[in-house]
Amino acid sequence: MKKSARTMARAGSIEVIAGSMFSGKTEELMRLIKRAQLARRPIQVFKPKIDDRYSKDQVASHDKNMTPATAIQKSIEIYEHLLPSTEVVAIDEGQFFDEEIVDVCNELADRGLRVLVAGLDTNYKGEPFHPMPSLMAIAEVVHKLRAVCVVCGEAALRTQRLVEDKSEVLVGDCMSYEPRCRTCFEAPDLSPSISFTFSNKSTGATDELSVEPARAQIRS
């Protein structure tokens, strides 16, 4: 019995490598890239333009291991660079892409391509870092990696931001971030403080009341 064209076609898939910073996500992505190359499967690698910490045109781990990549601004640009012969698409720092990356990866997998995506699954607030959770939900395989908490040495799944910056996206390295476990992770206080200034008629002093989340202080 002859196999149908659908049966003979190579089955596509999505594989996600997720975890905190310094958990080895890019290293694992590069390992899978190397295996695909050894298997002689045509592969293309993509990265977000915003991530130029170590190189503008290479995917780079924190250990400075590198592999050539095409830097793009939006996820749909993958279609512009995709070659007809490509069988594997690897994408680093998936959290930096727009939500459309989910549809792009799904469509590529439906074509029969193997899609590899590495990225942070939680942001500096300890919350889901979209679009990674959506990619993890539709992936055939999810590799959840753990770093080492720099405070207690336990397994770390969160990324502690070390600088005062409330931007959702802040590209940085060990000077800006460090891995923490659930216990040692300190969620940032993003609630604005409210200050009131009033005069004490009996003393003539001016007091300032500063109200912040979970506490209130009076400063004279």
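Could you give the accessible area per residue of region 32-101, probe 1.4 Å, as a whole number in Å²? Don't skip to the answer; put the middle values down first.
On the way: 3760 Å² over 70 residues.
Roughly 54 Å² per residue, with all protein chains present.
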For residue 85, what is the net charge nearby, where nearby means another residue's Cβ is under 13 Å from its Cβ and Lys, Arg count +1, Asp, Glu -1?
+3
For region 76-120, shape from the Cα gyration tensor axes a ≥ b ≥ c, cut at a/c of 1.5 then a/b versus b/c, turns out prolate
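What's the Cα-based Rg to Rh of region 98-145, Rh via Kirkwood?
Values: Rg = 11.1 Å, Rh = 11.4 Å.
Dividing the radius of gyration by the Kirkwood radius yields 0.98.
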Over all pairs of different Cα atoms in region 34-137, the reciprocal of the mean inverse distance gives a Kirkwood radius in Å of 14.1 Å
Which whole-Hz couplings ³J(HN,Hα) result when phi for each residue of region 26-32 is put into the Karplus expression 6.51 cos²θ - 1.76 cosθ + 1.60, θ = phi - 60°, listed in order with x for Gly and Pro?
5, 4, 5, 4, 5, 5, 5
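The values are calculated or read from the model by the stated rules, or taken from the named source; none is laboratory data. Note that this is a predicted model, so its numbers are computed, not measured. Cβ coordinates were reconstructed from backbone atoms using ideal geometry, including for glycine residues, and neighbour counts include every protein chain displayed. Accessible surface is based on the protein model in full, side chains and every heavy atom, while ligands, DNA and RNA are left aside. Shrake-Rupley method; radii C 1.70, N 1.55, O 1.52, S 1.80 Å.
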